[in-house]
1. Can you find, within region A:79-126, the residue that is farthest from B:S288 (Cα to Cα) among those that are without any contact (Cβ under 8 Å) to a residue 40 or more places away in the chain and under 13 Å from the mean Cα position of the chain (by Cα)?
2. Does B:A348 fit the bill of being in contact with a Lys or Arg (Cβ under 6 Å, 6 or more places away or on another chain) and not hydroxyl-bearing (S, T, Y)?
3. Going by what's in this entry, would B:E274 be described as over 22 Å from the mean Cα position of the chain (by Cα) and either crowded, with 17+ Cβ neighbours inside 10 Å or within 14 Å of another protein chain (Cβ to nearest Cβ) (or both)?
4. Tell me, yes or no, whether region B:172-180 has at least one residue that is at the interface with chain A (Cβ under 10 Å from one of its Cβ atoms) and over 18 Å from B:K237 (Cβ atoms).
5. Looking at B:I312, is it out of contact with any Pro (no Cβ under 8 Å at 6 or more places or on another chain), farther than 18 Å from A:G56 by Cβ and touching a residue at least 12 places away in the same chain (Cβ under 8 Å)?
6. Can you give me the number of residues within region A:101-126 that are in a loop (DSSP other than H, G, I, E, B) and either within 12 Å of another protein chain (Cβ to nearest Cβ) or in contact with a Lys or Arg (Cβ under 8 Å, 6 or more places away or on another chain) (or both)?
7. Just name the residue that is nearest to the other protein chains (Cβ to nearest Cβ) out of those in region B:58-89 that are free of Cβ contacts under 8 Å to residues at least 60 places away in the same chain and in a strand (DSSP E or B).
8. Just checking, does region B:209-221 include any residue being of a type in the set (K, R) and either more than 11 Å from every other protein chain (Cβ to nearest Cβ) or closer than 14 Å to B:A177 by Cα (or both)?
Amino acid sequence: MKRGIAVCFSTMLLFGMALDVCAGSGTYRSNEIIVGYGSSVTSNSGYAYTSIAGGGTGTASVSAEYHSHYNGNYKEAPVQTGNSTNGTAASLSFGPATGCSSSYINATHNATVGGTTIPTQTSSGS
Amino acid sequence: MLKKFGIFLFILLFLTGCGKNTAGSDEETERFTFRSIVFGCYSESGILYEKDGILCFVDYATGEDVVLCTKPNCVHAPYSAVNNPDPYCDAALPWEDRNVTMIYGDRLYAFVTNFDSTTVYEKGVSESEWKKLTEMPYSYYEVVSWFACNDRIYYVADQFARQEDGILALDDAIFLAYVDLTDGTYGSLTDMDEETGTIRIVSVDQQNLYYEMHYKLDIAVPEDQGQVYRMDLETLKSEPVFRMEENRRFVGMHGDDLYYMESDGLHRTDAGGEDVCIYQGPDPNVNSVAILPAASGFLLEAYMADTDQFRIVYLDYESDRITEIERPNAEGLVVEIVGENVLVSGDAVEVIRLSDFLAGKEKILARHELN
């Protein structure tokens, strides 16, 4: 039997488009690096991640603010904030925000691979 | 579109059905799949991906990129709790919760989580209704690879604690877990160790699954950043096989031979402990190196900072031959090897047969635009 094997990557938008702050997910891609990142929300929870692709070693980090919506207004202060710095992947999860009908998240993503630090990427979801 | 999907479905069922393992038979299953987050789930027959809540499939055999829906006159409207709570489209994922979808053989699986628990649903690729397979009392760490083989899905699970107000605590704990697709049984494969920062599944071969456990950065030191483990797929027991250091990178194992990289190049250590440098350079501390395991060997793809060029080599386990691959006119990075195919990512993901790629022939079997 022949089985293929895998490594870890990330999604959808290529570098260039990835600078769109409204993007829910993206891929920073230069000659030698692929870093996947993204954030998403449900009506009462949020999620953000940064991941180094291609079996590359390095450090991935993500920080995010999660806001909830209740009775017509988003709270000024975020419901929850967090930072995560890890090996090849970092993620954060938020919520549930009780009594809210919708929510949004703003996240920033950083990574260093093979001695190269990528420009800070941002993502958001609502 | 319906006709195209019918052709695709026939080929998919043909490919996957032929490979089914049978008791007492020497024939081995060809079913193997994994999900990464470039844009979806890579199986031996094609790529499953989600676009705006609609499941699609890129078929290697035909090159077609189709929506997984056979309903007549369907406009493929996604699920919406407010506007479309009961979607007509077979390809619409009927959830708003965070979810991961996979294809394995001729069946689709969806892991839907509310952070406290994860429900696994399944259906045939041509069916309309998702059926609940099982429910697990934890979530998942989405960014890490998911593998399916031998009727099990392996993934990295995430256990969240709660603050007093019910909000998720940020100090979650991750561990390796599995779900048996035949009966819905599930379980953890590693302890929830508070020293563990991340877990990454590296590769799967005939008998074993290899995974890295990285220490949290405040615990890791240059000479001990974590361990690589080998798990027996029959017994589900793990043993450490490699200590990760700042200047040493695990590449893979074939039998008892262990391959790794150091600053002088690629090394092999045999069962007797004899260590040989089998390929000089590139230095992984200077150059960005991607390691892509395959069934027959592995590919090293290194961006050489000094020359601004890529160096790509493939080591074949059986012949012990190292092939240097020239891609003078090709664009994109090799991002995956699955089954007998190489996936190259540029403006699109292009699928090329591994044997062609190694021979310098880049005949594209299928292509998927990424935007």
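1. A:G82
2. yes
3. no
4. yes
5. When the stated conditions are applied, B:I312 does not pass them.
6. Adding up the residues that qualify gives 4.
7. For region B:58-89, the residue satisfying everything is B:S80.
8. Scanning region B:209-221 turns up no residue that is of a type in the set (K, R) and either more than 11 Å from every other protein chain (Cβ to nearest Cβ) or closer than 14 Å to B:A177 by Cα (or both).
The values are calculated or read from the model by the stated rules, or taken from the named source; none is laboratory data. The model shown is predicted, which means the values in this text are computed figures rather than measured ones. With ideal geometry, Cβ positions are generated from the backbone for all residues, glycine too; neighbour counts draw on all protein chains shown.
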